[in-house]
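The values are calculated or read from the model by the stated rules, or taken from the named source; none is laboratory data. From a predicted model like this one, the values you see are computed outputs, not experimental measurements. Methodologically, a virtual Cβ is constructed for each residue, glycine included, from the backbone with ideal geometry; neighbour enumeration extends over all protein chains shown.
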Amino acid sequence: MRWPWRRAGRGTVPTIFGPARVYDTEGPDGAGIRVLEVGGAFQSAAYVDGRPEAPFAYLRAFDAAFDAGVPVRRALMLGGGAFAYPRHVLARHADVALDVVEVDPAIVALARERFFLADAERAHAGRLRVIVADARAHLRATAAAWDAIGCDPLAPYDAILNDVFRGVDPDAGLLAPEGLALVRACLAPGGLYLVNVVVPDSPEGAAALMAAGRALERAFAHVSVIPCADEGFSAQDNYLLVATDGPARVPDALPLPPA
């Protein structure tokens, strides 16, 4: 997503996906926020004063995993970015252990330096594990370990949260059959898979959202969608797709239109 309301630029850092820029500006509630932009695309943001709450609706929408009536004790987030949501969820849920996979060590270093990740690692020692790896590689290794041993500290997860983007585009491999098979292999029975989808407000965007939803329907028994756009702050819309085989009741989720 592109943000037209930048203010104080704070230099650039080279990353796998292009230069990373950090900006301070105002969020939807008027409070100061710090924005991470990578390769010209918005990635994440945090409050400048260090509070752990997630400043945007699309981040807070991931709370659906913890409000769906399914116990979530171990969760995996694919895509760390500025680590805004990991900080948010660990502050809200003292009984949750969270693994966060981020492919780019430069982004992790930037999050520690500028987005309070180092503070979160100290505050939640033993509950927050930062893994520098490709998302699918981590899923593959986790699934293999579970198959080989039958019990492993890496699996299973009660919820997997997918916020992986390459610029403005989601990682298509995590919605492809192989990627979805790996997700399922790493989920506990009845677990939840949540996918952040960013699309333009257009017929083409609606088609892309539905295509992602249909891909999930081929792998899971139940798929729903949560609109979570931050109005006035982006030319794109965010939606959260929620997939599960279990009886979860997800607040604010809507059924996908029939095919």
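Of the set (1) under 21 Å from Phe56 (Cα atoms); (2) modelled with pLDDT under 95; (3) not in a helix (DSSP H, G or I), all apply to Leu209 but (3). Within region 90-123, the residues that satisfy the criterion of being in contact with a Phe, Trp or Tyr (Cβ under 7 Å, 6 or more places away or on another chain) and closer than 18 Å to Ile160 by Cβ are His93, Val100. Taking the criterion of being at pLDDT 90 or above, of a type outside the set (A, V, I, L, M) and over 13 Å from the mean Cα position of the chain (by Cα), the residues of region 68-90 that qualify are Pro71, Arg73, Arg74. Considering only region 207-259, state which residues are out of contact with any helix residue (DSSP H, G or I) (no Cβ under 7 Å at 6 or more places or on another chain) and of a type in the set (Ser, Thr, Tyr). Result: Ser224, Ser234, Thr244. When Gly179 is tested against (1) under 26 Å from Ala41 (Cα atoms); (2) surrounded by fewer than 18 Cβ atoms within 10 Å (Cβ to Cβ), just one condition goes unmet, and that condition is (2). Quick check on Ala229: is it in contact with a strand residue (DSSP E or B) (Cβ under 7 Å, 6 or more places away or on another chain), surrounded by 21 or more Cβ atoms within 10 Å (Cβ to Cβ), outside any helix (DSSP H, G or I) and among the small types (Gly, Ala, Ser)? In short, no.
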